[in-house]
Every structure is written in structure tokens, then in C-alpha cells.
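The values are calculated or read from the model by the stated rules, or taken from the named source; none is laboratory data. Since we're looking at a predicted model, the values are computed, not measured. Don't worry about glycine lacking a Cβ; one is built from the backbone with ideal geometry, like all the others, and counts go over all protein chains shown.
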Amino acid sequence: MTATFPRHPRARVAPKENQVSEETAATGPPGPLKRVVGFLTTVELGISALAAAMIFVLILVQAGQRYLPIDGWTWTGELARYGLVWLTFSACGVLVTRDGHIALQLVDSIRNQAVVRSVHVFALLVVAATGAGFAWACWTLITESQNLTTPSLGMPMWVVYLIPLIGFVSTTIRGLCAAIGVARHGVGSSLEPESLAVQVNGPQLPGGTADPNGEAQR
């Protein structure tokens with residue numbers, strides 16, 4: 001005598017067409033474009049890291065000069081100030097891609113996906129337009145300061161404006177690409193603002209605190 005058990009129907013899985021998962025949003029576009037974006041991101045972050053290290057070393061040198069019987073090197077303060085400018089603007093494009101800029105997520109909890117998508121696209125277009133305006137201003141300064149040099153180092157002023165130009169061009173391109181991506185695929189985590197693909201302070205616990213283990217509890 002054999003016992004038979006009723007078969008449970010298999011659950012149907014919804015098609016994944018036209019859907020962007022959190023993993024895809026976090027890793028970025030596939031294929032050669034992803035490699036190009038990764039290379040440019042590495043270059044921009046490398047410039048920022050070098051600028052931060054340079055500022056740290058120059059400040060230590062300035063502090064040490066006070067206790068040495070030698071004249072101070074005025075160029076150290078000048079280069080440190082320019083390094084702060086380079087550090088500030090060299091990675092602004094990377095922060096657009098990683099959603100790392102300071103922002104108020106006021107509309108992410110709205111249930112209407114069309115409204116959330118429209119606001120995100122508008123915000124990204126504003127960011128791109130702002131980056132384009134600053135890039136044009138940097139280019140104007142570069143062309144108008146060909147014969148100018150810094151007071152202490154004698155460094156051409158166009159070099160000072162070159163790195164911010166790179167950062168603002170990157171901001172413009174990344175902002176436009178992000179706006180197109182949101183317009184086509186939507187904001188995947190608009191209904192759950194705590195589970196965004198990229199979080200500056202790490203995954204958040206239900207109570208609103210960062211998870212020390214790096215994993216969000218569901």
C-alpha cells in the first residue's frame with residue numbers, strides 16, 4: 001500500500017524584465033562601461049587621497065618649522081590651501097554616482113513611483129547643470145590665467161583650476177547618466193529609503209543606528 005501526497009503547485013516567479021536589483025544599482029552598468037567608470041572612479045579617488053595625504057604632511061611640516069632655527073617655508077601653507085581645493089572638488093563626481101552628497105530624502109517614502117522618479121530625475125539634472133556651469137567657469141579661469149603664477153611656489157594658476165575642472169566635468173557626466181538611468185529604470189529602493197543600494201554610514205538597523213557587523217537586519 002503506497003501513500004500519495006498532493007503536489008503543491010510551484011510558485012510562479014515574476015519576470016525580472018525592466019527591473020533593477022539592488023546589486024545592479026550598487027555595482028553600476030555592466031560590461032566595458034563598468035570598467036571605464038571603475039577606472040575613472042579610481043583615478044578621481046586617487047587624486048583625492050593624494051591631496052589629503054599632502055595636506056597632512058604639509059601641516060606637520062608647518063608645525064615642525066616653529067621649533068627649528070630656520071626661516072619658514074611659505075609655500076607649504078599655499079600648497080596646503082590648494083590641496084584642500086583639489087580634495088574638495090576632485091571626488092564630487094564620484095559622490096554623485098555613489099549617492100554620497102548630503103541630501104534630504106523627503107520624497108523617497110512616497111508610494112507614487114512616478115512622483116519619486118520625477119523628483120530624482122529633476123534633482124540629478126540640476127546637479128548636472130550646476131556641474132556644467134562650474135566646469136565652464138573653471139575653463140574660463142584656465143584660459144584667462146595662462147600668464148599668472150602663484151605667489152610662493154610660482155606654480156601656473158591653470159594647474160590650480162585643472163583638477164576642479166576634471167571634478168566638475170565628471171559631476172556633469174555622472175549626473176546626466178544617473179538621470180537617464182532613473183528615468184528608464186526608476187528608483188528601486190524608493191519605497192524603502194533605509195535600504196538604498198549605497199549608504200554612506202553603512203546599513204541601518206530598524207532603530208535607525210548603523211549595524212556594526214555591516215549587515216542590515218530585516
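Looking only at segment 36-84, residues that are among the hydroxyl-bearing types (Ser, Thr, Tyr), more than 22 Å from Gly100 (Cβ to Cβ), at pLDDT below 90 and part of a helix (DSSP H, G or I) come to 2 in all. Against the test of being part of a loop (DSSP other than H, G, I, E, B), modelled with pLDDT of 85 or more and farther than 19 Å from Ile102 by Cβ, the options Asn147, Asn213 yield a single qualifying residue, Asn147. Restricting attention to segment 113-124, and to residues there that are more than 15 Å from the chain's Cα centre (by Cα) and of a type in the set (A, V, I, L, M), which single residue is nearest to Cys177 (Cα to Cα)? Among them, the one singled out is Val121.
Only residues that are in contact (Cβ under 8 Å) with a residue 24 or more places away in the chain, surrounded by 14 or more Cβ atoms within 10 Å (Cβ to Cβ) and not in a loop (DSSP other than H, G, I, E, B) were counted in segment 99-129, giving 8.
When Val159, Val200 are screened for being within 26 Å of Gly133 (Cβ to Cβ), at pLDDT 50 or above and either out of contact with any helix residue (DSSP H, G or I) (no Cβ under 7 Å at 6 or more places or on another chain) or not in a helix (DSSP H, G or I) (or both), only Val159 passes. Looking across segment 130-146, the residues that are among the aromatic types (Phe, Trp, Tyr) and either surrounded by fewer than 17 Cβ atoms within 10 Å (Cβ to Cβ) or at positive phi (or both) come down to Trp136, Trp139. Across segment 26-35, a minimum of one residue is classified as at pLDDT below 50 and of a type outside the set (Ser, Thr, Tyr). Scanning segment 113-160 for residues that are within 22 Å of Tyr82 (Cβ to Cβ) and hydroxyl-bearing (Ser, Thr, Tyr) turns up Thr140, Thr143, Ser145, Thr149, Thr150, Ser152.
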